Every structure is written in structure tokens, then in C-alpha cells.
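S.K.: So that we are looking at the same thing, I have put the structure below in C-alpha cells.
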């Protein structure tokens, strides 16, 4: 280059030696003209901008400060994040259940059954499961009140004591009104109160009265009591209007007993036969093998006719009242007679005359001492209707000066509540200890709120000799006070501490005789640990029936009941979900579908299709209907009408528990108060009205929210598989449908063909078995699942929009008289249908159709056979839900938490108080994601971690799903199908080995970790086997104890 | 100047010269919009704004604003998606397949048809986007992007993911193809703008035409690229709707789980696409006075395509019923009986009437060459095709396996609003297109004039 003489110019400026060019000649790029350095670099600018953007956005989304205060001194046994369990007792009036409370970080979040209890046998009910949310009810009283003003306890105490003193001084009458009191210590506290104020009378009543039974036993045997029943020993069960599986007396206990008689297997091909005669289709009637619809005006005569049929067989004189032509009655009588001493007849009637005849029947059959235990009376219902009626009459007459309502609400739940309300206001002193400001508390001058049961100490004797304790699972949330302490304070007892009171009672009553060489504290701790205690319980004791009771009952029945009444009759029953109404403000129960009608959040009368047509009532599939006005006993209510298959013609049914007016936002003004329609008959409250009932259509439309709007089974064969006992005896695989797939040359079992390779589960293989024969359809599992998994409650309108969130539902199908193929006919349920219940939840398919369609792999298969949902990853295309053949996936259509729109229906996610009930182990799902049953994966994980920490294998029974735990009848069995010792393996008779050819071509038995395990139980089937999704949930066929073959479609 | 063929009707009537073509088409772009354009455009904007309101409320509150429920997880959203995608098929079919088959009659309609495709695909794509519960995440989680989630990746098993690929591919290719064709025409407008002294317009259209110079070499490359793109798009015409049909065909739901869907969906797509092209062109032709370019002959040919595809669709419907009976699967049988006689019978019979019976009227030459009849029928066909998708989606879902979960679907204002929103997008975009872009492919139309002039002189 240096040799050349040529010069290459970069441009003309170089040639002309432009000064501007020379200045920048050494630079590759000409300066763009920014001469002055502003002192800030580009980096500074970016830094500043980045900071500002971050600061602004952070400031904009500042999270509200939530206080979390750590323990200064950590209490023993309380570890953050690790739940503690406390045995306790659920008591609501006379309803009782022994429970175990799960407490996490000081908050009770779940209630399970206590398997140590010989009364409730580890079962629970929907109401028990839901009760934990009532603890966090926003409507609870925050503290005592005088009138409508908040007060402190000193003020209330001094004023109440002063007034009690005044009344006592002038000899005025004091009444303490309560529901049944199961607690011996409470009785003692009340006794102390009575001792101080001797004009006090303690009046017990029950919102749903069983006084007729109590009276009938008094008349029949000389002792007023209600005996224990043992359905488990009964081969033949006849119930005339008693809904003993859901509302009657002690349904948790009865369900368990009943289920033991309904279990069948290859080795046990016998089951009880159950006849039901009733007007409304109850849950119990839905489970019956033979159900006959009767009118309430016939009830007494049906019982009398049954007596006469049996008397004829026994060769004793019959009674004059009778009724002929009642379907199935003769058959029932024949079988009862064959099973003398191994049968039971129960009646739901509260008419003592009817109950006397029922006693006579059981006496004839020799059932006392075997299925009915008069020596082991139960205390669930001790209410005295006559005393209560007398009290209200006195109060009306101004003869009562002071009244204390102990956890009862007669203004709402007594037929004369309205009169009582007026009378209360005129009294010198009126006190309510209700923990909410209910109708009665509102009428009272003083509100002295009791603790919620989960905050209280108490003891109970639900059944003679069977005791139990309740202990606080949380420090009282509000300034409430144990009612017994209030009574003792007002009585001037020096040490009113109820805890030591209970303890002392137990010390003197039980410890003295049963110390077992322990010191009292250890003994007491053990009692608390167990929660239950037995002392002096024996089933012995016999009774002798007085025949004179029968003759007076006969004439009473003859006068009251009619064989052929015309005109419409009204049947009033306890609600299957909200019960007697005391828990109406619990949205878990309001959104629990009624087991029969599947209605939620609504009150209605049920009537038969014929009566509906006659009245011009039309129901459509969407629950749209009209209002009717129902008049009975001088009262008229306006309520929606729902056509109900199985409803006796000429009758309408209505449930109690609705129409609360002072209850809180959840249930306020839902439905009407059916207590007002009640009347008295033979000294007790009568739960029907047989004359003077008027039902008229009102031209007003109404829509009832139902979670299931298609009622019949449409002749399908692979969803419910059922047969009769007669067939089952011949072949335990009766009723099984094995769908076959046609290949080009042969038919093969559907499950034998698959495009998928399947899975190998090398550790656990979770599975579930659900016995359709022992599932009664009660719905306790639905509530348990809701509580365990923080399932959102969406309210009536969203249910009408078919968007309820339940992970587990109970499908209820009615049979139809139509032939398969007649689809229009199949949509119409039979007049008195057979009913089938099927719990339906995520089936955890091994070839899950939801997993393949998710574009982002938010739902995947676990190495243990679970179909799992990753909420974080979900983008909400809903493709998985569409492709789910079982329709168990639930989408978050809205934000259900922290959203005022759902404040009323879902307080657990929308109020500070309610949020305390949420299970911290389960995410509250955000808007726009899919959710579904996880097989309680949090429980599986806890179980696995515990086993791992203890360096052992996970044992069967350590992991129990919430639904399984809640099931009183044990219809749900969950476990590891890879564990040959597990209950599920044994129940399903799983063959854990398969034959394969090894490398040498020899046949070899190897453990089968795959998805196609051979199931040996002939009753076991998978729903929709033909589509090959291979669920991990097996159902056991439904067997009805009917003669002959399955009849209906 | 123009000559007419002895054997067939001329494709362009009115004796247009090459200059006439430039003048007629470019005039629309250059002149101030007509009053009728303003009215139509204004109406589209109103639709768009109302739709946007519904979309915003839905985004704010949640998918629950729509009428969907636990049983029917898709209804109007995916119905509209499939419907719009179907409409989007005509453009590519006309521009690609007819190009390969050298069907020259396509030349005056392909521009508008392709534009329609682009807009329809945009509308279609909005539904899978908005139907997601968490749109803000779905946008990128549904794409196979490298991420910080470790092994977390999209699920290649999912037909919805295939949709993402199918739609985006189709959209990109259609867009490129359409734009390619526009380049020489933009250059024409630029040249005219230069001649008329409109500097801004010249600048804009110059940029849009990428400085097209009209050299022979450029033309040659243009032709080659057009052919290559046509070749690329041809399989897309078949694949896109095939993949959309997989959303249903690969599922287990009776009424969805059927192998006939791919051909049936493709035929249906072409059917509805042609109907939509007709609806739009009949209006455009009238508004922009293009009767000489879009002639009765064009309309008749498109109507013949409608008869053919309509009949294919009809046979598919009947085949589905036959297979349901022949297959003897109870759930499948019920699904089809329920379609025809269940609570949504009216949707089914609307579909049958609109899609199977009404196109058969085009066997009458009088009707298929009648503008008014064609216009009405083209709308009826699209109503029918909407019902077809509704019937497939909703009536299959609302009553599937377990009778306990059966339910109904009732649309809300927000379902309707979402649909209106896409109409707003579509028409707003179409009217903007028809005002600012040459609605007929001038370059190609000029070639037909040339081609016909080479034929034997007649009369």
C-alpha cells in the first residue's frame, strides 16, 4: 500500500480539506451532533425509568396489611401448620354426634366423626359437617345486649339478678325454656338456678317433637321414654312415615345399623327387606325395597291394619280400626311374622295412639329386647308438647313474669310462636342465651349469648350410660359466655366456672367408681382424649305391654283417621338439609342439594303430578314453577310448588326449617315458616293436616334452583348397574353390564382394547370403591368435601345457571315406566319410582380424556394414579370439562372469594370471620381456572410424609378422604390398590399378579403395577366402561331386595 | 377494445380497456368516501363499540357473564370460532386452489375474498383467546416458548394446541399472499397519485408497494412467488378446518367423537366461505359500481360451488345419522335423536333447512343468476352454518353420558355482544379495506382483458 501513489478519498471534503472534516477525521462515524454532555447517561435514564415504573406499580398494588402475630411463648402441642385433633361432641338441641375437631393454628376447620363412640359409630351428618362454619357466622352476637344496645356482662348480670330478685320477691313465675338437654351437668346448673328461684319451671320442647312416642311408651309400658333401636339386627324393616335415615331421631346411628343389613357380597347373599309407607318421598323411602304411598289421614289405619294382620297370625284379637287394600302391607306382615324378634316396625307419627299400636306390633313380634331396647333409652328428645303449650298459654295470660330461653327459638319453631313473641314483650324479664340474635332473642330484652359448641365445655348423656364430653377447640371468638355460667351467676353460685363444675361432676359421679388407680388429671385427660365414656350402660331390661293402652288407642285412631278422605292433605317434615331451621344461616346446608328434590336455597311444597295438573301447576326442566297458597289450621303461606314423583296423591309436602326472619344474610326470608301450619293432636304436635287444607295456585312465577334437572335415567345401562336380591342370590354378577366392542371377527370386552400404553404405578395406586347398596344418598360427604377442599358456594342464581362448584355430588335417578328407546316417555318418572343414588366425583381415569386435551398440560397424571389439577397452570379453556364423560369438573366462572357479589352465599371466602374456616392446605382457586376432586391429595401427602418421617411404609387406613370419613354407612372405601392388604384390595378382590413370559419364554407371575388389575369382586364395575377411560373408582352394583327381576328402566 | 369470446361469457363486461380498469378500481381509493360508505362504516363502528363494551365487562367480571355452565363449557364462543374460520376458507380456496387450476374467473373476486379471509381469521382467533378463563396467561402459555418453568411445556396432544398452530400458520400465509397481490396495485395508485400531484398519497402507497418498479424481472418474480404461495396455501385449505374438527373428533363426547368430521368440516367451510364472499361482493359490487367486473357469471359459478359443497354437507349429516344407527352405541344414538327431537330441535331443523334444502334451489338457473335470490340465500347459508356448529357443540354437550348432568344453554347479552364484537371488527376492517385498498386485483384483471383480446375477433 505504501508504494502506491494513488490516493483514495473518503469524499470531497477530504479533497478540499474541509475543516469540519479534519476535526473528525479520526472517528469512524461522524458525531451526530450531541455536543454537550447533559451529565446523565442513557444508563441513568433507564435506571431512573425502571425505578419509577417499578415504584409506581408497586405503590398502586399495595397489599392490605394483615396482622400475623407470632406466639411469644409457644403453647405446648401447638405448631404452626400442624393440625391438632380434639375429641368433642356436636350437640344442637337434641341432635347429637360424637366428633373429632381438626384445629389448625388455633382455628377449628373440620369436624370428623369419632369412631370411639358407640352411639354415633364414627359417622356424621351433613349438619354436623357443616356446623364448623356456624362458628364463624357473621350473624353471631358479639357480646351481651340489653335491648338493642351492646352491654357488658356486669351490666347484664346485675340487671338480670335484680329483676329475678324482684320477681322472686313477689312470688312471680319464672320459666326456663329449652330444647332437649342432653347434658347432666347443665341439668345440675339449671337445678342450682331453680334452687335459688323456686318458682322456676324448666320446660323442654323440641322443634320437631317426638312427644307422641314418649307418651305412647308411658301408656304402653308405664315408663315415658324413647328406646334405642337396633336396625342392624332386623331382617325386615317396616317404617310408616319414619325417615330414620335422614331426620328421624338418630339418623347417623340408624344409617350405620341399616347399612350393615344392606351390605351384600359373594359370601353374604342376604340383606334386610325394607318396607316404607309414607306420603312424602323421603330419603328413607327412596332407599326402601317396597314403598307404598299413603295419605296422612290413613296413617293410623295402616298401622292398625298391620296390627290386625299380625294379630291374625298370632291368634290374638285384632282391633276395630283397620284398612284394607294397602299395597305391600300383607306381604310385609307375612315377612314380619316370619322374622319375629328379627324385625322392627317404626312410625314417624307423633300421635301417641299410632305409636301405641306400633308398640303393640313390636310387642307381638317380640322385637323388644332385640331390635328395640327399652332398657337403653335415648335422651335425644325429651320435649313435652303439653308443658310447652301450657307455658305459652300461661305466658299469653300474663301469668309468667320472667323467662329465660336457653338456646332455643320457640318464636320461630313453635306453632304458637307468634303468640309467644307478643307475650315475651309484656314480661318483666326476658332473656335469651342464643348465640345469634334469632327471632326469640330479638323479642327478649336481654341477650346473654352462649358460646358456640366448639367454644364450650360440656358433658352429654345421649343414651343411657353413654357419656361424652365436649371441649373448646378455640378460645371464644366473641364476648359470649357459657350459658350454664350465666345460670349459676344469676343463681348466685360462688364459683360459676362451668369447666370445673363439669369436672367436679365427673369426679364425683364416675372417677370415684372407675379411677383404675389413676390420678384424676390423668383419668380426666383420657376421658377428654376419647371424648366418650361409658358407665352403667346395659341393654337389659324388659317391658310388658299393657293391653288397655291398645283399646284406647284403637278408639282414638278410629276417631282420627279415615280410610277414604277426600280433599287435599298436608304433610310437614323436617328438612333433609337445613333440619329444623336452627342452622338455616349455614350456606353449606343451604347449598346442599336436598337428597330427593336436588333443590338448593329454596322452599317449596311437593305435590304429585296428578294434583299439579289438577291445580294447573306446570314445572319445567329448569325448575320454573308457580306459587301456591297453602292454608291449614287457620294459617296461609305462599310458596313454590314442585312436582314430586312418589308423592302420595292428594297430599302436599312441606318442610320445616325455612322462613327464618332474624337469621343473618344467608337465609333471611328464604321460604316460609311451616311451623305456623302445625297443630296439636292428642296432646302432641301433629305433623300433618288432614282436613281444612286448601291449596290454590297463585299466578306468580318462581324458579327453584336444582343441581340436577334431569331426573330419570333414560334407560342407560352402564351408569347404574343394579339387580334384585333374588337374581343376586343366583349370580353375584347379576345386573352387571359388560359392554363388548365388535372387532372385525369377534366381540371383545371394551376394556381390553386401548390405544394407550397405560401407566405403571410403582409405589401407590390410589383407588376408590363406592357401594351403591350402602350409600343412602344423605349428602354428608358433599358437605365434608366442601369444607375440606374450600369449595366455593355460589348461591341460588348461579345454581340456576348450573354452575354449582361441588366436587362431589350425589346423582339421584328415578325409574320410569317407559320402555327403553321411548326417549320422551323415559323422561317421565314413574308415579312411585324406584330411586337410585350414585355419588359422582372425579373418577381419576387412568386414560383420562381431560389430560390429553389440555393445551397447557394443567391437568396431568400422577405417578400414583391420580388425575391432578395444577390451578397455577390452568388458562381456563374448559376443554377438559367438555371432554369429561362424568361432568365432574368445575370452572371458576367468577371470582368467588373477596367478591361482594358472593358475600351472601359464600361468607367463608368473603368475610374476615368466615375465612377462618378455610383449610390452609388447599388453595382457594382463582377466577378462570378449572377445579375438581383431588382424592384429598393434601391428606395423601400428609400421610406419606408422616410415614416417611417415621421411616416406614404407609399403612392402609392412614389416608382417608373427607368423603369417606364422613360416610356413616361406610359406603366409600379409599385406599392403595397396589397394597394387597388394603381394604380396597380385599373389597374389590384385586389380583395383584399377572402372568408374563420372561426372556426364556417361561411363564412367570409378576406383580401387576399396571392399570389393568384383575378385579375379582363380581359386583364391581366402572361407570361407562365402554369408552375405555378406565377410572380408578369402582362402584358396587345396587341390589334391591325385591322378588323377581329388575323391572323398571 | 374488448373482445368477447365465442365460447364463453366474457369475465369482464362493459368493454373495459386496461386504462378503464385502473380508473374504475383506483377511483374508489382516490375519491372521497360516499355517503353510503360512511353510513356502513359508522354502523360497523357502533357494532364494534357495543361489542367492545361486552368484551370489557366479560374480561372484568369473568367468563360467567356468558351463559355457559358446568355441562356446556363451550357454546357461542367456539361456535363463532368455527363459523368464522369456516368463512375464512373461501379466500384461500379462491386465490390458491383456483389459481392452480387456472380458473380465471376468480381474478375479480380474489382480492376481496382474501381480505375477508384475513378479517374472518382475526375474528375467529379472538374467540379461542377470549374464551379462556385466564386470557392474560393463555396468550403465551399456549405457545411453545422457552420459559423459566423448567420442563413445563405445551401439551402437544391437545387439539387446541394444534388449533393454535393451524390458525396462526393459516393467518400468516393468507396475509402474505394477500399483501403480495396488493403490491402491484398499490404501485398503480402511487403512480396515479404522482401524476395527480398527491404527494402524501404517493408517499404512503409507495411505501405500501415497497417501491414496486413494474420491471419485467419484478413481474416474473411476483408470478413465481404467487405460485409458490398458492402451493403452500393449498394444503392449508384442507388442513385448517380438519384440525379445527379435531377439537371435536378426538374427544369422547357422543356427537363429537366421529371420524367424518374432517371432510365434513372442510366442505362446510368452503360452503360458508363462498356464501360470505357472495354476501360481501354483492354489496361491494353495488356500492362501488363494479358490475362489469363482478358479473352474473361470477355469481353463478360461486352458486354452483355452493350447491356442490351444500350437498356434501347434507350427505355428511345423513351419514352421521346412519352411523349412529349402524354403530349401535346407545349414547351416540341418543345424541343424534336428541339433536333432531330434543330441546334444541329448532336449531337442528334450522340447520337442515338452511344448509341442505335451501342451496338446492340453485339448481334453477333463474335463481342462481338472480342477484336478490343469491343475496338472500347466501345469508341463509351462513345462518345455517352457524347453526351447524351450534348443533354440534351445544346439543352434543348438553346431554352426554350421565343424565344427572344434563342441562340447557341460554345465551346472555354478553354472548351476543362477543359475537357482535367480531362483526364489528370484521365490517370495520372490511370497509376500511374497501375504501383504502383496491378491492379488485387490477393487475390480474388486466390480464384477462389481454387474454380475451387474443382470442378470435368476434363481431
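S.K.: For the residues B:60, B:345, A:523, what sequence is obtained by ranking on other C-beta atoms within 10 Å, fewest first?
M.R.: In increasing order of surrounding Cβ atoms, one gets B:60, B:345, A:523.
S.K.: Take the alpha-carbon positions of chain A, form their convex hull, and give its projected area averaged over all directions (one quarter of the hull surface) in nm².
M.R.: Averaged projected hull area, Cα only: 65.4 nm².
S.K.: Residues in the stretch A:136-170, backbone N under 19 Å from the label point at residue A:661 (7 Å along the Cα-to-beta-carbon vector): list them, ranges by number please.
M.R.: A:147-148
S.K.: Using just the helices of chain A, give the 222 nm mean residue ellipticity in deg cm²/dmol: DSSP H runs with n ≥ 4 each add -39,500 (n - 2.57), and the total is spread over all residues, rounded to 500.
M.R.: -7500 deg cm²/dmol
S.K.: Pairs of Cα atoms under 8 Å, at least six residues apart: use those to get the relative contact order of chain A, whole percent.
M.R.: RCO, chain A: 14 percent.
S.K.: Could you work out, residue by residue across B:407-413, how many beta carbons of other chains sit within 10 Å of that residue's beta carbon, and then give the average as an integer?
M.R.: 3
S.K.: If you take the square roots of the eigenvalues of the alpha-carbon gyration tensor of the stretch A:211-377 and sort them as a ≥ b ≥ c, do you get rounded (a/c under 1.5), prolate (a/b over b/c) or oblate?
M.R.: Cα axes put the stretch A:211-377 in the rounded bin.
S.K.: Then there's this: Quick check on the stretch A:965-1029: take the gyration tensor over C-alpha atoms, sort the square-rooted eigenvalues as a ≥ b ≥ c, and tell me if it's rounded (a/c under 1.5), prolate or oblate.
M.R.: prolate
S.K.: Here's a follow-up. Pairs of Cα atoms under 8 Å, at least six residues apart: use those to get the relative contact order of the stretch A:84-134, whole percent.
M.R.: The value is 27 percent.
S.K.: Calculate the mean, over all residues of peptide B:125-135, of how many other protein chain Cβ atoms lie within 10 angstrom of the residue's Cβ.
M.R.: Per residue, the number of nearby Cβ atoms from other chains is 4 on average.
S.K.: Highest mean first, how do B:390-398, B:435-443 rank when packing is the count of other Cβ atoms within 10 Å averaged over residues?
M.R.: Ranked by mean Cβ neighbours within 10 Å, highest first: B:390-398, B:435-443.
S.K.: How do the peptides A:481-490, B:271-280, B:245-254 rank, highest first, by the average count of neighbouring beta carbon atoms within 10 Å per residue?
M.R.: B:271-280, A:481-490, B:245-254
S.K.: For n ≥ 4 DSSP H runs only, could you compute -39500 (n - 2.57) per run for chain B, divide by its residues and tell me the 222 nm figure to the nearest 500?
M.R.: The per-residue figure over chain B is -22500 deg cm²/dmol.
S.K.: I want the antiparallel fraction of DSSP beta bridges within the protein assembly as shown, as a percent rounded to 5.
M.R.: 65
S.K.: Using the Kirkwood radius over C-alpha pairs as Rh, can you work out the diffusion coefficient of the stretch A:620-681 via Stokes-Einstein at 25 °C, viscosity 0.890 mPa s, in µm² per second?
M.R.: D = 185 µm²/s.
S.K.: Residues of A:704-716, mean number of Cβ from any other protein chain within 10 Å of their own Cβ, rounded to a whole number?
M.R.: Averaged over the peptide's residues, the number is 4.
S.K.: Let me ask something else. Does the stretch A:84-134 classify as rounded, prolate or oblate by the C-alpha gyration tensor (a ≥ b ≥ c root eigenvalues; a/c under 1.5 gives rounded; else a/b over b/c gives prolate, otherwise oblate)?
M.R.: In terms of gyration-tensor shape, oblate.
S.K.: Take the alpha-carbon centre of the stretch A:649-683, take the same for the stretch B:167-211, and report the distance between them in whole Å.
M.R.: Each part's Cα centre sits 76 Å from the other's.
S.K.: While we're here: Tell me the relative contact order for the stretch A:566-706 as a rounded percent, counting alpha carbon contacts under 8 Å between residues six or more apart.
M.R.: Computed over the stretch A:566-706, the figure is 38 percent.
S.K.: Another question about this same structure. Which order do the peptides A:830-838, A:1011-1019, B:27-35 come out in when sorted by mean C-beta neighbours inside 10 angstrom, highest first?
M.R.: A:830-838, A:1011-1019, B:27-35
S.K.: May I ask for log10 I(q)/I(0) of the stretch B:332-459 at q = 0.14, 0.22 Å⁻¹, from a Debye sum over the Cα atoms as equal point scatterers with solvent left out?
M.R.: The Debye formula, applied to the Cα set alone, gives -0.90, -1.21.
Values quoted throughout were computed directly from the atomic coordinates according to the rules given, and no laboratory measurement underlies them. Computed from a predicted model, the values in this text were never measured in an experiment. No Cβ is skipped: glycine too gets one built from the backbone with ideal geometry, and neighbour counts run over all protein chains shown.
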